[in-house]
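Structure first, then comments.
Each value in this text was obtained by applying a stated rule to the coordinates, not by laboratory testing. Please read these numbers as outputs of a predicted model, since none were measured by experiment. All Cβ positions, glycine included, derive from the backbone under ideal geometry; neighbour counts span all protein chains shown.
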Amino acid sequence: MTYTLTDFMRLGGPMMWPLLVCSVLTMAIIVERAIALGGSGRHAARFLDEVREAVTRRKVTEALAICDRAPGPLASMVRAGLSRHEQGRDAVRDGIEEAGAREIPRLERHLATLGAIAQVAPLFGLLGTTVGLLQCFHVMQVKAAALQPVGPADLSHGIWQALLATTAGLAIAIPATMGYNYFVRRVQQLVWEFQVAATDLLRLLAGEGPSP
């Protein structure tokens, strides 16, 4: 016998609906963050080389134009520092830090939601399992009170609900947990790369050359 998604939603009971919402949110966040964070680091090396070359030649206006053409948080941070190059090293550092304080939360966007889903989805599944088992015991009690035998068909609905809810909760929590951990590490890596780039920018503007 072949079951459709509609059949599983019906057999899984009311907890399947919040689990369905969690599933859709998980997939949407994973796809959106993969695109956003992948784009943040894809062209960073070429961008930094172009900026370093312009700054080395003391063409700050050209470096600012490069930042304007490049999307992403790194370009915003570098531009914030370059725009204050005439105010001294401390002003450049402050500009980079202020831009970073604005941009880093954007890198972490939706990750808290993904982490919450990873924790809540198994609980929804467990709640669905508990409700299914309660239905089984209720059927057994009613049958026993009526002095009627209890057959597999009497318990099948509650067992379906218990198993499907547990399976759905785990099936959602596993990719949500893996995605959350991966994206958190990716954000940490990007932040470290941005810090290195900012340090190199400060050194170049001071005439010291890039860090080894």
Go through 82-92, 17-27 and give me the packing order, highest mean Cβ count within 10 Å leading.
17-27, 82-92
Check which residues have an amide H placed less than 5 Å from Gly72's amide H, if you skip close sequence neighbours.
none
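Only four residue types carry charge here, +1 at the Cβ of Lys and Arg and -1 at the Cβ of Asp and Glu. Report the dipole size of the chain about the Cα centre in Debye, rounded to the nearest 20. Mind showing how you got there, number by number?
On the way: 20 positive and 18 negative charges, 28 e Å.
I would put it at about 140 debye.
Show me the ranking of peptides 111-118, 188-195 by mean Cβ neighbours inside 10 Å, starting with the highest. Walk me through the numbers on the way to the answer.
Numbers: 111-118: 17.8, 188-195: 15.4.
Ranking the peptides 111-118, 188-195 by packing returns 111-118, 188-195.
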Over the Cα atoms of segment 1-153, how large are the radius of gyration and the largest Cα-Cα distance (Dmax), in Å?
28.1, 94
If N is the residue count of segment 1-86, its Cα Rg over 2.2 N^0.38 Å rounds to 1.96
Table column - 3J(HN,Hα) (Hz), segment 143-159, Karplus curve with 6.51, -1.76, 1.60, x for Gly and Pro
5, 5, 5, 8, 6, 10, x, 9, x, x, 5, 5, 9, 4, 5, x, 5
Of every Cα-Cα pair in segment 107-212, the percentage lying beyond 19 Å is 65
In nm², the average projected area of the convex hull spanned by the Cα atoms of segment 144-196 is 4.9
Relative contact order of the chain, defined on C-alpha pairs under 8 angstrom at six or more residues apart (%)
29
